[in-house]
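Every number in this text was worked out from the coordinates using simple rules, so none of it is lab data. Bear in mind that the values here come from a model prediction, so they are computed numbers and not experimental data. All Cβ positions, even for glycine, are placed from backbone atoms using ideal geometry, and neighbour counts span all protein chains on display.
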Amino acid sequence: MVSINQLQNEIMRQLNIYTNDVQEKIIDTQEELGKEAVKELKSNSPKNTGDYRKGWRLKKEKDKVIVHNKTNYQLTHLLEKGHANRDGGRTPPQVHIAPVEERVVAEFISRVESDIQS
């Protein structure tokens, strides 16, 4: 049993335990969804020579998880948005990043909300 004088300390201790637990769950969720995004991008990306498709990586920095294309990062915007050609024509966009991003962000939000409530 906790005395009245120790109540504040006990409340703060319990809040710190809860906060650390939620932070660990969020970090695990970030890494798991990042790996899923890389796997999906490797399977859905345009394949000409295969270098672009194989270049998707997961990079962890402090409290962030970054999904990027290590080998052909210059192509991500050109393929996703389309671009002008030398002959004056236009290459149509090959949308492959936006659907993965939308799915992963929605999944992350729902998992974090459930982690906070549990």
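Partners of residue 25 within straight-line reach, counting lysines whose Cα lies under 17 Å from its Cα and excluding those fewer than 8 residues away in the same chain: 35, 60, 62, 64.
Straight-line cross-link partners of residue 42 among the aspartates and glutamates, defined as a Cα under 17 Å from its Cα and at least 8 positions apart when in the same chain: 31, 32, 51, 80, 101, 102. Between residue 27 and residue 107, the modelled label-to-label distance comes to 2.1 nm, taking each label 7 Å out from Cα in the direction of the beta carbon. Here the Debye sum runs over all C-alpha atoms of the chain as equal scatterers in vacuum, and log10 of I(q)/I(0) at q = 0.11, 0.14, 0.16, 0.20 Å⁻¹ comes out as -0.53, -0.71, -0.84, -1.08.
The length gained by stretching the chain between residue 64 and residue 118 to full extension, at 0.36 nm per residue less their Cα-Cα distance, is 17.1 nm. Using C-alpha pairs under 8 Å with a sequence gap of at least 6, the mean separation divided by the residue count of the chain gives a relative contact order of 23 percent. The distance between label points at residue 87 and residue 4 comes to 8.7 nm (points 7 Å beyond Cα on the Cα→Cβ vector).
For residue 57 and residue 80, the FRET efficiency from 1/(1 + (r/R0)^6), where r spans their Cβ atoms and R0 equals 25 Å, is about 0.90.
Tally Lys and Arg at +1 and Asp and Glu at -1 over the other residues with C-beta under 13 Å from the C-beta of residue 42: what net charge comes out? Local net charge: +4.
The modelled label-to-label distance for the pair residue 35/residue 15, using points 7 Å beyond Cα in the direction of Cβ, is 3.4 nm.
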